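So the structure is just underneath, and the comments pick up after that.
Just so you know, all these numbers are worked out from the coordinates, no wet-lab data involved. Given the structure is predicted, the values throughout are model-derived calculations rather than measurements. Methodologically, a virtual Cβ is constructed for each residue, glycine included, from the backbone with ideal geometry; neighbour enumeration extends over all protein chains shown.
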Amino acid sequence: MTERSKLQPPGGHRRVLLHSCCAPCSGEVMEAMLASAIDYTIFFYNPNIHPQKEYLLRKDENVRFAEKHGVAFIDADYDKDNWFARAKGMEWEPERGARCTMCFDMRFERTALYAHENGFPVMTSSLGISRWKNMAQINDCGQRAAGRYEDLSYWDFNWRKGGGAQRMIEISKREEFYQQEYCGCVYSLRDTNQHRREQGRPPIEIGTQYYGRSNDTVES
């Protein structure tokens, strides 16, 4: 059995809204909160994910894992047109740049609104557990979104620490989660495929990679 420290959300609250980006990143966060008897609900709002086939693969895996643990799952809008409108002019921004800040802001603003309207005193996200993400950038966006409401705080817990990053991979392999090979948006897909071409590798084939199977090669 995994040994974990007891988690304590801000303000001593026990009810949390978890913004989830995908099953691999949220698996450890979910199990860690369950182990601490935290009452949480998953909020899936990720209109950045492209194409829709990829979006549905990631969402369905998250739904599957939530149902396994009996965790409530809020399926928010896939308003990709709104996302593209906000990304206009940022098409060539680098990963972790201004486009990513916009993307985190957009997703957290909707999460914060739902938390405020539905009595959640705390919100957090699984985004920061990935080693490919800038944790300070994510936390800044989360704090900014939650700061709009006096009754809401953003929990900036470092989910990577205490073996969390390793457990994320272990859970993903145990559950054979679908393994995405790029961040999610059409621009990250473009740039990742360009990098693969430069390495003499074939482009990403959506829907083929799964953790725990012989073809898993990339960590989230």
### Task
Run the quick spin-label model on Trp92 and Arg148: label points 7 Å from Cα toward the beta carbon, then report their separation in nm to one decimal.
3.1
### Query
What dipole magnitude, in Debye to the nearest 20, does the chain give about its Cα centre under +1 on Lys/Arg Cβ and -1 on Asp/Glu Cβ?
360
### Task
Using a/c under 1.5 as the rounded threshold, could you call the chain rounded, prolate or oblate? The axes a ≥ b ≥ c are square roots of the C-alpha gyration tensor eigenvalues, and prolate needs a/b larger than b/c, oblate otherwise.
oblate
### Task
May I ask what percent, to the nearest 5, of DSSP beta bridges between residues of the chain are antiparallel?
5
### Task
Take every Cα pair under 8 Å in the chain that's 6+ residues apart, average their separations, divide by the length, and report that relative contact order as a whole percent.
25
### Task
Would you please put 148-159, 18-29 in order of how densely packed they are, using the mean number of other Cβ atoms within 10 angstrom per residue and starting with the highest?
18-29, 148-159
### Task
Could you sort 45-52, 116-123 so that the peptide with the highest average Cβ count within 10 Å comes first and the rest follow in order?
45-52, 116-123
### Task
Quote to one decimal, in nm, the extra length available between His69 and Asp81 on full extension: 0.36 nm per residue of separation minus the C-alpha distance between them.
1.1 nm
### Query
Is region 145-190 best put as rounded, prolate or oblate by its Cα gyration tensor, with a ≥ b ≥ c the root eigenvalues, rounded for a/c under 1.5, and otherwise prolate when a/b is larger than b/c, oblate when not?
oblate
### Total formal charge among the other residues, if their Cβ is under 13 angstrom from that of Asp151, Lys/Arg +1 and Asp/Glu -1
0
